[in-house]
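Written out below as structure tokens is the structure these notes cover.
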Amino acid sequence: MYNVTYRRAVPNDKPAIERLFEEMLASVGDDETEGYENGYLDKFFGGGDVIYVAVAKENVVGYVSVELHHDFVYLDDLSVTEKYRGMGIGTKLIKFAERYAADSNVPEAVLHVERSNTAARYLYQRFGYAVTDEEENRFRMAKHIRKD
């Protein structure tokens, strides 16, 4: 078992986050594995949007990017590198995103999941997310967030 720590991402994490993004796209069979557009990640460093990372052996092994909107947070991307899957890292990252929603006083967390990614959809359903809309190749899922 690896010792994993969690924190907000810093700009130096961008290359690792981009690598994990491309790995996530490839794992769901997305042909477009180009990565983020130049400068896209900058919005997560200094405003209401954040990225939380999981770090093991001084390497970023997972992340969730969270966009803050007026009445919800949007979990833009969630990725854990294959070697570290099944260890609860994705679960912990989702909890960080939900805590961010609660701390920001927004009542809902929203995400999209590819139709082909049934394992992720079932994971989100176990955490209380429900399908609220069906799109061409993905589902929109949402969960009411309670401030504890």
*asked:* What pairs come out if I take residues in region 5-29 that are buried (at least 18 other Cβ atoms within 10 Å of the Cβ) and at pLDDT 90 or above and pair them with residues that are among the aromatic types (Phe, Trp, Tyr) and part of a helix (DSSP H, G or I) whose C-beta lies under 7 Å away, six or more apart or interchain?
replied: Ala9/Phe44
*Go over the candidates Ser79, Ser104, Ser116 one by one and state the one that is at pLDDT below 95, more than 25 Å from Glu23 (Cα to Cα) and either of a type in the set (Ser, Thr, Tyr) or in contact with an Asp or Glu (Cβ under 9 Å, 6 or more places away or on another chain) (or both).*
Ser104
_Which numbered condition Leu75 fails, given (1) without any contact (Cβ under 8 Å) to a residue 60 or more places away in the chain; (2) assigned to a helix (DSSP H, G or I); (3) closer than 23 Å to Ala9 by Cα_ = (2)
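Any idea which of Arg140, Arg99 is basic (Lys, Arg) and under 26 Å from Ala16 (Cβ atoms)?
Answer to the selection: Arg99.
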*Hey, does region 45-55 have a residue that's at pLDDT 85 or above, under 28 Å from Arg146 (Cβ atoms) and of a type in the set (Asp, Glu)?*
yes
_First in region 127-143 and surrounded by fewer than 17 Cβ atoms within 10 Å (Cβ to Cβ) and modelled with pLDDT under 95, second anywhere and not in a strand (DSSP E or B) and not hydrophobic (A, V, I, L, M, F, W, C), Cβ under 6 Å, 6 or more apart_ = Asn137/Arg115
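The values are calculated or read from the model by the stated rules, or taken from the named source; none is laboratory data. As the structure is a prediction and not an experimental result, all values here were calculated from the model. Cβ sites come from the backbone with ideal geometry, for glycine too, and all protein chains shown count toward neighbours.
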